[in-house]
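The values are calculated or read from the model by the stated rules, or taken from the named source; none is laboratory data. No experiment lies behind these values; they were computed from the predicted model shown. Backbone-built Cβ (ideal geometry, glycine too); neighbour counts: all protein chains shown.
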Amino acid sequence: MKQIVAGLAFMLLPSAGVASPESYTFDPRHTFVHFGVDHNDFSTIWGRFDRSSGKFTIDRQAKTGTLEVVVETASVSTGDGVRGDRPRSRDEHLRSPDFFNSAEFPRMLYKASTVKFNGEVPVELQGQLTLLGVSRPVTLAVDRWKCAPHAVTKRMICGGNATGALKRSEYGMKWGIPATGDDVKILVTFEAIKD
Amino acid sequence: MMRRIIIGAMIAAIPFAAPAQVENYTIDPIHSFVNFSVDHLGFTTIYGRFDKSSGKATLDRGAKKASIEVSVDTASVSTGDNDKGARARSRDEHLRSADFFNTAEFPRMTFKSTAATFNGDNLAELDGQVTLLGVTKPLTLKLERWKCGAHPFNKKEMCGGVATGKVKRTDFGMKYAVPAIGDEISLMIGFEAYKD
């Protein structure tokens, strides 16, 4: 009798299918970190980093995931990259020690190990951003998510948009606050190809 | 005598019409950019901007009138992929080609306003015409943000803000890869202009 009960109990366990974590690599030509910051309380200046790379894993059954993105700080681009007759362009200023200090800190790193799901769709990433050598928690909300075969290459793609915000002073980047805003809005637009 | 008094009283009763005070402004090209976004294959949004534009504006606060004329250098399109590497072309090069902006033939895109709507003292909306690839269509820009005042450092009088709008690129004959690359283009324009 005990064996029958045990057998039945075992059959009632949710079918633990073989864990299927999938691994994706970000497509650098369709993945960009964008940011927006207030300028003198008059307008918003947007910028992006032209070069980044990274990977993520996702397990829709276990509802887990990891993410690692490396951003080249020297690739910052805000539309003013040519100095003309000025001592420096804005992008050159951003690469200087006043801001990203890209000579000393060529990379910014975001690592997430907690992913919140809504069903099979990731909706939030909790991780750490390391900028100017300082690591702080940053949460990204996944506002858009879609996985499907690429219409042309047929390879499996997951793409979307994620947003977040941070205070740059918390990383030691204090130049120009508050005229040039402390609050930075982040938007990540991404496409990743299944490995 | 009575007539002169009546006429005098009538003249005094006319609301004092302040003379038009038209201020002229020049767009600051280092702090003014047309940003745009477009859907990519239903997966993500690709953002881009035009690095070079120029323009002038007029503002008459008393009469609640404003006008703007902006010229965008189409070859300055910038979407973060400008180095072709081992490929035939980068995305930005493709955008400059005849498939998209055809910058060799149409080096400029322009916006000329035709009407301005104010919400109290603040500019709220600009109606105008955009000319792209030689085709002119109406465009309404909504001011999400507007402020006039003295620059905190150089003290020069300026106005700045953020304007948004949408266009359908096929309206201008830019049909390449629709709908895989979206037809609807969202515009987000951050601007600052100094009083002349």
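As for region A:166-178, it holds no residue that is in a strand (DSSP E or B), at pLDDT 95 or above and hydroxyl-bearing (Ser, Thr, Tyr).
Taken together, the criteria place B:Ile189 among residues that are surrounded by 13 or more Cβ atoms within 10 Å (Cβ to Cβ), assigned to a strand (DSSP E or B) and within 12 Å of the chain's Cα centre (by Cα).
Within region A:160-168, is even one residue away from every other protein chain (no Cβ under 14 Å) and either under 17 Å from A:Phe26 (Cα atoms) or more than 14 Å from the chain's Cα centre (by Cα) (or both)?
Step one: list which residues in region A:160-168 are away from every other protein chain (no Cβ under 14 Å), which gives A:164-168.
Okay, now just the ones that are also either under 17 Å from A:Phe26 (Cα atoms) or more than 14 Å from the chain's Cα centre (by Cα) (or both), so A:167-168.
There is at least one residue in region A:160-168 that is away from every other protein chain (no Cβ under 14 Å) and either under 17 Å from A:Phe26 (Cα atoms) or more than 14 Å from the chain's Cα centre (by Cα) (or both).
Evaluation of A:Gly79 against the conditions (1) closer than 24 Å to B:Gly160 by Cβ; (2) outside any strand (DSSP E or B); (3) small (Gly, Ala, Ser); (4) under 21 Å from the mean Cα position of the chain (by Cα) shows that the sole unmet condition is (4). Listed by first and then second residue, the pairs with beta-carbon distance under 8 Å, at least 6 apart or on different chains, first residue in region A:169-189 and buried (at least 16 other Cβ atoms within 10 Å of the Cβ), second among the hydroxyl-bearing types (Ser, Thr, Tyr) and part of a strand (DSSP E or B), are A:Lys185/A:Thr163; A:Ile186/A:Thr163; A:Leu187/A:Thr163; A:Leu187/B:Tyr47; A:Val188/A:Thr163; A:Thr189/B:Thr44; A:Thr189/B:Thr45; A:Thr189/B:Tyr47. In summary, A:Val138 fulfils each of the numbered conditions (1) within 14 Å of chain B (Cβ to nearest Cβ); (2) under 12 Å from the mean Cα position of the chain (by Cα) with the single exception of condition (1).
Which of the residues belonging to region B:151-176 are more than 19 Å from B:Ala66 (Cα to Cα), of a type outside the set (D, E, K, R) and without any contact (Cβ under 8 Å) to a residue 40 or more places away in the chain? Quick ask: steps written out before the conclusion?
Filtering region B:151-176 down to residues more than 19 Å from B:Ala66 (Cα to Cα) leaves B:151-156, B:166-176.
Right, trim to of a type outside the set (D, E, K, R) and you get B:151-154, B:167, B:170, B:172-174, B:176.
B:Pro152, B:Phe153, B:Asn154, B:Val167, B:Thr170, listed by residue number.
Filtering region A:42-59 to residues that are over 14 Å from A:Tyr24 (Cβ atoms) and basic (Lys, Arg) leaves A:Arg48, A:Arg51.
In region B:57-64 there is no residue matching the filter, namely being outside any loop (DSSP other than H, G, I, E, B) and more than 21 Å from the chain's Cα centre (by Cα).
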